[in-house]
Structure formats: structure tokens, C-alpha cells
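The values are calculated or read from the model by the stated rules, or taken from the named source; none is laboratory data. Given the structure is predicted, the values throughout are model-derived calculations rather than measurements. Positions of Cβ are generated from backbone atoms using ideal geometry, with glycine treated the same way; all protein chains shown enter the neighbour counts.
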Ligand code: DHE
């Protein structure tokens, strides 16, 4: 072959290669580099799902950095030695693109994902540790995706286990406090035995999940999903799936679920919807008589006990509203719910008995109602809620639904907590330059009496009390973070435990007794 021809052939070979280098084949790179851990369908495997809905607040540029250099404290390695900058950029764009058809996640897929780690029938009938079962805490450490079980008398960990990736929403307990239920943003629901310190069962109930609720009778777990738009009912004992309820409106439009809550006095789950101006009520017990129009039960009193629970229909009662509500707060009797839409407009009070709005409330600043607390003030019951968009805490009279006070804070807050026996409420300043501040509010005067700076420059958030209300625990939400225990009356620091970005912490007694100062 003559030299010219050799060069021509060489260039001909090089030319397409140069084009390939400029436009990496993201689908092929995904299959070769990511699929083993994140699933060929991007639904997740040992790594999280890589779909736009599951990537949260991550930006494509941050995703590219993670692809090249890994994510500290996780199993995600860096691929800088295998991938070019352009490859990583193409992969980042690929995982942010909506797939041509969204993967199905119905009854068959949920059932196939079910894992039984221990036979619920064979679990010991007494605890295998000596800690006070009512004063245990489950602490979510999101830095390395673990949960620590903490003895709330000694403030000592008694177990620490790897959770599913990115738990979100509160951990919920069975009514007797024995079983802890947790959900990951990727749809995994896990049940853990607080008596014998072991995982019992897990199931993937959705692709993108908001949160879970446990029924007041302890028999059911409801899972609220964004993708697919559904509420999934699981058997609480072993998490086997019972029913999938698609969330579809009159005109066939789907709605993502923004949260599901249990309303034990009503024997129902209440579902907040993101895309339909409706609230759904799904009874988990069969009412002895129809207690609201539109839901017809033919069962006679006394028959409920004789029924196989599988006969229950989980029929949906749709309460139509004139605005969207995606964050709720209930009164103690679960007769009214106060709702705020994320658009920051006025809130509404919806009476669940009559099934309609009964009051508008002046709420601006995007109150995080799910984080609100109630207490008695001046002979009336009030609720206080932090705001995600404005520097204030709103205090609302729960009889007149009027705002009785607005406290100015050092920034928007996320979580607020107190305890019936504690004089103070604690509210974090989650966003902005004062993210290290925690306001201490006197529940009698409704004044901020102290602003704590427990770890200057670092986010300090999410207070929770011990069972007796004497101590309050706060998270330093950093990867090399800590759990700080304070005396709830003197505000003295009692203990500091190193933890990996601790977020929420959940006290068994406060949760199962629906303590007025904690989330339900
Ligand atoms: Fe949450 C609970 C919604 C971002 C940590 N969060 C909840 C609940 C809702 C909600 C509806 C109540 C569910 C329950 O009780 O089971 N959260 C939202 C959002 O819409 C928002 C702003 C955006 C999103 O990403 O979904 C959001 N949440 C966050 C975070 O960025 C936080 C701080 C860290 C994280 O891990 O994601 C966070 N959310 C929490 C925690 C709870 C929670 C710790 C449980 C609070 C409790 O004490 O019960």
C-alpha cells in the first residue's frame, strides 16, 4: 500500500473516532459503567435510582463531579480514570433525561421485590436487650445511610445498621413501639424489630416515594408515591403488598402524592395530593356504620371483628377542594386538617366529618405544617409552625383559626419541637447564614428567650425530646456531625455523640402516644 493510501485510511479511521469522542454514546457508557449498581432500567439496585424524579436537588454539574470523583461516605466510586470530562457530562445529561417510557411499578413488581429477613412468627416474644423500650430513639444518619438505635436514658447507641439509600420522612412505629418502619426516597420500605435489633422485611413499594404511615391498629402501612402516582397498602407484619391504589382524578389525570398520614381516631389514612385539588381519605377499618356520604358499607355492627381483614376494600373518599393542599396539620381529635399549599397562598381548614373547607386562614411564607406542634396558651389550644420561605414562626389559635402571634426568626426554619412537660419549644433556622442558630421559645410568653449556637457555622436542626421531656436532642447536620443532648429546662449540654450527618430522630414513646410536641 502506498504511503498516501495508508495515511488516507488512517485518517478515515481517525475521523469517526474524533466525532465519537466529541459525542459520547451515553446509553452505552451507562450500560458499561453504571448499570451494574444502578440497574439497566435506571431503577436502582445497590445504588439509587437514576431518574430525574429521584435526583432531588442535585444539579447536572454536581452529578458530573460525582461520576468522575465519587461520593464520599458511600459506595459510589469515581470513574475519572475511565471516563473523559465529555463522557461524564453526557452521562449526567442521560440520567437527567426522562426515559421514553417510565418503568412500571405495580403489584407484580412490588411483590417480586419483597425480602423477608426474619420470619415474623418466629421472633422472640421478649427483648434481647435491657434498654427502656419506650425511651429508645431511631436516629437517621444520612451521611453514610445508617440508622442508629439510641438508648434514651444513657444516650448510648445499642445498634447501628445500614439503611436503604436516602431515607426521608419520619420513622413510624407500630402502636406498641416494637417495630420501626422507614422509607427511602427510592421507594424501599423496611421494618426493623426494636426488641431484637434486627431487620425483619423490606419491599420496594414505588420508584419515587414521599413517606409512609402506619395504621392505628398496627395492621397496615400506607406508602405515598410520586412515581408511579399511587398509594400502596402493605401488611405491616411482613410488608407483603395488599393493594395498589392508583391516584387518578375525574378526568383521568394522575396526581403525585405529597404525603400520607394516619388518622387513628377515624380509622383511616389521609392523603395529600400534589396535582389535584383534593384530599383523600382511605379507611383501613371497616366503619360499623357509614360515617360519611359516598362510602357505603353494608356491614352490621359486630361483623367487623369476624371479617377477614383482606375483605376490606380500602375504598377512597375524595374530598374536593378549591385549591391544592400538600402539607397538613391535624387537630388532636383528627376532625379538622389545616392545609397549606406550597405556592404560599392562604391556608384552608378542612373538616373531615362534613368533608369540606370550613375556614380560610391567613398563612403566608410556606409554613411547614407537618412540622408544627400544639400546646395550651392562655387557656386555648394553639399550633405553632415554622416557615420554609419567611423568617417567622406562626402561632395559630386552633378554635378561631386566627394567627395570634408571629415571631421573627433569624431565617426560614424546617423543624419545630416541644413536649407537654417542657417549658420551651425549639425551632431551627435551617436556611441562610444563620443555619447554626436554634431558637428557644417560651411557650407561656410566646417569646424567643434564647438563641443557641451549638456548633458555629454548621447546620443544627431537628430537635426531639426524651420520653419524660427532660432532655432535647439536636442534630449537627454535617458529615462529621454530632447528636447534641441538652437539658431541656437549663439548656446545659449533657452529651455529644459523633454521627454522620444525623437528620431526624424519633422517640418511641413520643411517637406512639402522639405527644403534642412531636410529629405524628
Ligand atoms: Fe422532608 C418529613 C416534605 C426536604 C428531612 N418532609 C417530611 C414530610 C413531608 C416532607 C411531607 C412529612 C412526612 C412524614 O412525616 O412522614 N421534605 C419535604 C419536601 O417537600 C422537601 C422540602 C423537598 C423534598 O426534597 O422532598 C423536603 N426533608 C427535606 C430535606 O431536605 C431534609 C431536611 C433532609 C432529607 O433527608 O431529605 C428533610 N423531612 C425530613 C425529615 C422529616 C421530613 C427529617 C421527618 C420529620 C419528623 O420529625 O417527623
Original post:
When you look at residue 137, is it touching a residue at least 24 places away in the same chain (Cβ under 8 Å), farther than 19 Å from residue 202 by Cα and within 12 Å of the ligand (Cβ to nearest atom), yes or no?
Top reply: yes
**OP:** Can you tell me which residue among 177, 170 is assigned by TED's automatic domain parsing to the domain that holds residue 235, out of contact with any strand residue (DSSP E or B) (no Cβ under 7 Å at 6 or more places or on another chain) and in a loop (DSSP other than H, G, I, E, B)?
**Re:** 177
Subject >> Residues satisfying the stated conditions in the range 382-397, i.e. closer than 18 Å to residue 358 by Cα and surrounded by fewer than 18 Cβ atoms within 10 Å (Cβ to Cβ) >> reply: 397
Subject >> Those residues of the range 218-233 which are more than 17 Å from residue 43 (Cα to Cα) and part of a loop (DSSP other than H, G, I, E, B), in sequence order >> reply: 218, 219
**OP:** Could you check how many residues of the range 248-282 are closer than 17 Å to residue 337 by Cα, within 15 Å of the ligand (Cβ to nearest atom) and in a loop (DSSP other than H, G, I, E, B)?
**Re:** 1
Original post:
Tell me, which strands (runs of 3 or more DSSP E) lie completely within the range 435-520 with 1 or more residues that are within 16 Å of the ligand (Cβ to nearest atom) and either on the phi < 0 side of the Ramachandran plot or surrounded by fewer than 21 Cβ atoms within 10 Å (Cβ to Cβ) (or both)?
Top reply: 437-442, 460-465, 471-476, 481-487, 493-499, 502-507
**OP:** Could you please find all residues in the range 376-429 being farther than 26 Å from residue 489 by Cβ and within 13 Å of the ligand (Cβ to nearest atom)?
**Re:** 387, 388, 389, 412
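Residue by residue, here is whether (1) touching a helix residue (DSSP H, G or I) at 6+ places or on another chain (Cβ under 8 Å); (2) farther than 17 Å from residue 501 by Cα; (3) free of Cβ contacts under 8 Å to residues at least 40 places away in the same chain holds:
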{"residue": "152", "(1), (2), (3)": "yes, yes, no"}
{"residue": "155", "(1), (2), (3)": "no, yes, no"}
{"residue": "163", "(1), (2), (3)": "no, no, yes"}
{"residue": "179", "(1), (2), (3)": "no, yes, no"}
{"residue": "191", "(1), (2), (3)": "no, yes, no"}
Subject >> Answer residue from the range 54-78, given it is out of contact with any helix residue (DSSP H, G or I) (no Cβ under 6 Å at 6 or more places or on another chain), away from the ligand (no atom under 16 Å from the Cβ) and touching a residue at least 24 places away in the same chain (Cβ under 8 Å) and is farthest from residue 162 (Cα to Cα) among those >> reply: 61
Subject >> Candidate set: the range 401-419, residues that are in a loop (DSSP other than H, G, I, E, B) and within 14 Å of residue 347 (Cβ to Cβ); chosen: the one nearest to the chain's Cα centre (by Cα) >> reply: 401
